[in-house]
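None of the figures in this text is laboratory data; all of them are computed from the coordinates on show. As the structure is a prediction and not an experimental result, all values here were calculated from the model. All Cβ positions, even for glycine, are placed from backbone atoms using ideal geometry, and neighbour counts span all protein chains on display.
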Amino acid sequence: MEIIFNNATYATPADLSEVTLIQAIQLKSSIKAVKQEDTIMKAAILINLFTGIDVEAVKTQMDIAQVVVVYMVWHSMMEYSEEYIKPKASYVWNGETWYLGSPASLFSQDIMKHEFSLLKELSKAIICFSNGDWSVMPIICAAYLRRQDEELQMDIFTDPLCEKVKLMDGLPMDIVIGIGKFLKETLDIFNAINIKTDV
């Protein structure tokens, strides 16, 4: 989607495939302190993130109709994602095929100490995310999305410069939401099984 400001044309996303995970994390972090009803401020932050136009300039100098339309398009994309984006078995991204699967499928039947440590670290990341901390989502994506025959490595959880985690920063949000829904479905099944076994 294009917007015009000071005789220049800027592009803002019209589809979640045009938004990266790191941009979504930055946006979530930036609007955290904004009041729920302050739609113009949220829209200004959104426009700033994708165009670089100063937040105050957006609020005071930009055509209000443009600002509102950008926010409405963003809101519509998020609502669409909730309803229509479903997890897929595989995704093509960056010229490679990536497979979506539970990290549990990488573990041996008799779980080893190393594998237990991996599972423990992944559980910590999932708990942080469920508490609203989006900064761990690149780690979760790195664990759930992998190349053919790729093994889960501890450096995903321990190395802040891990190449695969950094790569996930550029993951398009339509794929991220697919992974998030897969994670939710997996946890729902796990919780249902636990409830049954506790009875």
Exercise. Please name whichever of W98, L152, A8 sits farthest to the positive end of the charge dipole of the chain, dipole taken about the Cα centre and charges placed at Cβ: Lys and Arg +1, Asp and Glu -1.
Key: L152
Self-check item: Charge dipole (debye, nearest 20) of segment 55-95; +1 at Cβ of Lys and Arg, -1 at Cβ of Asp and Glu
Solution: 200 debye
Practice problem: Answer with a single label: of (i) 17.6; (ii) 28.1; (iii) 18.7, which was calculated as Kirkwood radius over Cα pairs in Å from the structure in view? | Solution: (iii)
Practice problem: Determine, from the Cβ-Cβ distance of L187 and S135 and an R0 of 22 Å, the FRET efficiency 1/(1 + (r/R0)^6), rounded to the nearest 0.05. | Solution: 0.65
Quiz prompt | Gaussian network model of the chain, springs between alpha carbon atoms under 10 Å - residue of G52, G101, G170 with greatest fluctuation | solution = G52
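With a cap of 10 neighbouring Cβ atoms within 10 Å, and only residues DSSP puts in a loop, list the GluC sites (Glu not before Pro) found in segment 1-105. Could the numbers behind the result be given before it?
On the way: sites: E2, E18, E37, E56, E79, E82, E83, E96; in loops: E37.
Within segment 1-105, the qualifying GluC sites (Glu not before Pro) (loop, at most 10 other Cβ atoms within 10 Å) are E37.
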Quiz item: Can you give me the pair-distance distribution of segment 2-84, C-alpha pairs, 10 Å bins, whole percents?
Solution: 17, 55, 26, 2
Exercise. Scan the chain and report its longest stretch carrying no trypsin sites (Lys or Arg not before Pro) that are both in a DSSP loop and have at most 16 other Cβ atoms within 10 Å.
Key: 89-146
Practice problem: Evaluate the charge dipole of the chain about its Cα centre and quote only its size in Debye, nearest 20, assuming +1 on the Cβ of each Lys and Arg and -1 on the Cβ of each Asp and Glu. | Solution: 320 debye
Quiz item: Comparing L118, L161, L183, which has the greatest mean-square fluctuation in the GNM of the chain with Cα pairs linked when under 10 Å apart?
Solution: L161
Quiz item: So for the pair L167, V92, with labels modelled 7 Å out along Cα→Cβ, what separation do we get in nm?
Solution: 1.8 nm
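Considering only DSSP states other than H, G, I, E and B, which GluC sites (Glu not before Pro) in segment 123-168 qualify as loop sites with at most 15 other Cβ atoms within 10 Å? Don't skip to the end; give the middle numbers.
Details: sites: E150, E151, E163; in loops: E150, E151.
Within segment 123-168, the qualifying GluC sites (Glu not before Pro) (loop, at most 15 other Cβ atoms within 10 Å) are E150, E151.
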Quiz prompt | Centre separation in Å (Cα based) which lies between segment 60-94 and segment 1-48 | solution = 10 Å
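Give me the extension gain from N7 to Q36: residue separation times 0.36 nm, minus the current Cα-Cα distance, reported in nm with one decimal. Spell out each step's value before the answer.
Working: separation 29, 0.36 × 29 = 10.44 nm, distance 3.16 nm.
Stretched fully, the N7-Q36 segment lengthens by 7.3 nm.
Expressed in nm to one decimal, what extension gain is obtained for the pair Q26 and K120 from 0.36 nm per residue of sequence separation less their Cα-Cα distance? Before the final figure, lay out the partial values.
Working: separation 94, 0.36 × 94 = 33.84 nm, distance 2.68 nm.
The span from Q26 to K120 would gain 31.2 nm if fully extended.
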Quiz item: What aspartates and glutamates sit close enough to K120 to cross-link, taking a C-alpha to C-alpha distance under 18 Å and skipping anything fewer than 8 places away on the same chain?
Solution: D110, D133, E151, D155, D159
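Calculated from DSSP H runs of 4 or more alone, at -39500 (n - 2.57) each and per residue, what is the 222 nm mean residue ellipticity of the chain, nearest 500?
Details: 9 runs with 114 residues, N = 199.
After summing the helix terms and dividing by residue count, I get -18000 deg cm²/dmol.
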